[in-house]
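Please read the structure below before turning to the comments.
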Amino acid sequence: MKTQNTAYWACQILGWGSYTAIGVAFATHEVGPTFSVLVGFALFYAYSIGLTHLLRREIKRRGWLAMPFRKSIPRLFGASILTGLIMAALVVAINTALDRRLSWDVQGTIALTSSVTTFTVGWTVLYVAITSTRTARDRHTAAAFQLRIALREAELRALEGQVNPHFLFNCLNTIRGMISENPAQAQDMVTRLANIFRYNLQQHNAHTAPLAQEIEVVSDYLALEAVRFEDRLRVSISIDPGASNAQVPAMLLQTLVENALKHGLSNLPDGGELWIRASVRNDELTLRVENTGVLAEVTQKTTRVGLKNARERLRLLYGDRASLSLTNGDGRVAATVLIPRTS
């Protein structure tokens, strides 16, 4: 907006300055550089800018550019002609007051009026053309921006909507087998499974959630998986106090934990440990999920879908300010996510 105003005033100064300079040149050629000529044109330069600025303000205030052409054109031409007539009348009145010897004949008055009015109408046409072009460009840019946002939202929704069907089937089969053997535990599993899906549905309109909520739903998920793993799964969770309220992509932590169990601990006959850590340093959240195991080449290929999903969601939400890396060493595989505290 500041750039547009600067350009507008530059055009005003240069446009009316050029017109005034041409008038001064003709007048001094005819009658010489008299006091009345110089003062008259100096005043003309000032009120021509002022009156056309008032014309611009009325055009914007009355919304003439937003009207259909058949309604706006008569108004625009009428207002610009009226402005030109006022300016011509001021020229005659001021020059007559400055030099009583001047006399305006009909032909000279008509010529003056036609010149000033034509230039004012031209000013209006140029202003309307530039403003309309800029408005059309801004609308096109806004439409393109809205389209990009819509596509980004659709893509993000699609990524968020990906639910691991194997997890659901495994849970349902486990619950089915426990209904007769341990009804109380089967009921608890149904409750935890319902909590997970309820949370997933609640996050439909919110792409991020506090880490504390993510820990709660992951705890339900791990409780369900613990029934299948039995004593083969050992979990350790450590969350710094300052990290609990940090916003993270919804269900991202569960994706990382699922990945660790499916491609890590489930392949180990004796199971292993799962560590979940979170800390905040320099307005950046570090979220780390580690599991016992070794990242073999074949395992790395099988984990690409889940991690690619997670990386794409981070990109859509934070651009290049967030990252997800997978490392391997000392008998552990670690997925580390770095997320800025501010979006």
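Could you work out [θ]222 nm for the chain from helices alone, using -39500 (n - 2.57) per DSSP H run of at least four and dividing by all its residues? Round to the nearest 500 deg cm²/dmol. Helix-only estimate at 222 nm: -24000 deg cm²/dmol.
A full extension of the chain between L172 and A212 corresponds to an added length of 11.7 nm, given 0.36 nm per residue minus the alpha carbon distance. The H on the amide N of S323, modeled in the peptide plane, is under 5 Å from the matching H of L338, each at least 5 residues off or on a different chain.
Measuring r between the beta carbons of F26 and R56 and using R0 = 25 Å, the FRET efficiency lands at 0.35.
Once the piece of chain linking Q185 and A7 is laid out straight, how much longer is it, given 0.36 nm per residue of separation minus the C-alpha distance between them? Length gained between Q185 and A7: 56.7 nm. Inter-label distance, R311 to A136: 4.3 nm, where each label sits 7 Å from its Cα along the C-beta direction.
Electrostatic tally near Q12: other residues with Cβ closer than 14 Å to its Cβ, Lys and Arg +1, Asp and Glu -1, net +2.
Quick check on packing: order 285-293, 267-275 by the mean number of other C-beta atoms within 10 Å, highest mean leading. Don't jump to the answer; show the numbers that get you there.
Numbers: 285-293: 20.7, 267-275: 15.0.
Packing order, densest peptide first, comes out as 285-293, 267-275.
Could you work out the local net charge near A186, counting Lys and Arg as +1, Asp and Glu as -1, over the other residues with Cβ closer than 14 Å to its Cβ? Walk me through the numbers on the way to the answer.
Working: positive: R176, R192, R228; negative: E181, D188.
Residues near A186 contribute +1 overall.
Under the convention that each Lys and Arg Cβ holds +1 and each Asp and Glu Cβ holds -1, the size of the dipole of segment 54-99 around its Cα centre is about 500 debye.
For the chain, the residue among I49, A322, L233 whose Cα projects farthest onto the positive side of the dipole built from Cβ charges is I49. Over the C-alpha trace of the chain, radius of gyration and Dmax come out as 37.3, 119 angstrom. GNM on the chain, alpha-carbon springs under 10 angstrom: the most fluctuating residue among L172, L98, L326 is L98. Within a straight-line Cα-Cα reach of under 17 Å, K71 can be paired with the following aspartates and glutamates, leaving aside sequence neighbours fewer than 8 residues apart in one chain: E58. At what distance in angstrom do the alpha carbon centres of segment 319-343 and segment 67-133 lie from each other? Centre-to-centre distance over Cα atoms comes out at 68 Å. In this simple spin-label approximation, D330 and A226 carry label points 7 Å from Cα along the Cα→Cβ vector, and these lie 2.6 nm apart.
For P340, the shell of other residues with beta-carbons less than 11 Å away shows a net charge of -1, using +1 for Lys and Arg and -1 for Asp and Glu.
Where a number appears in this text, it was derived from the coordinates with a stated rule and is not lab data. Small disclaimer: the values here were computed from a predicted structure and weren't measured. Virtual Cβ from ideal backbone geometry, glycine too; neighbours counted across all protein chains shown.
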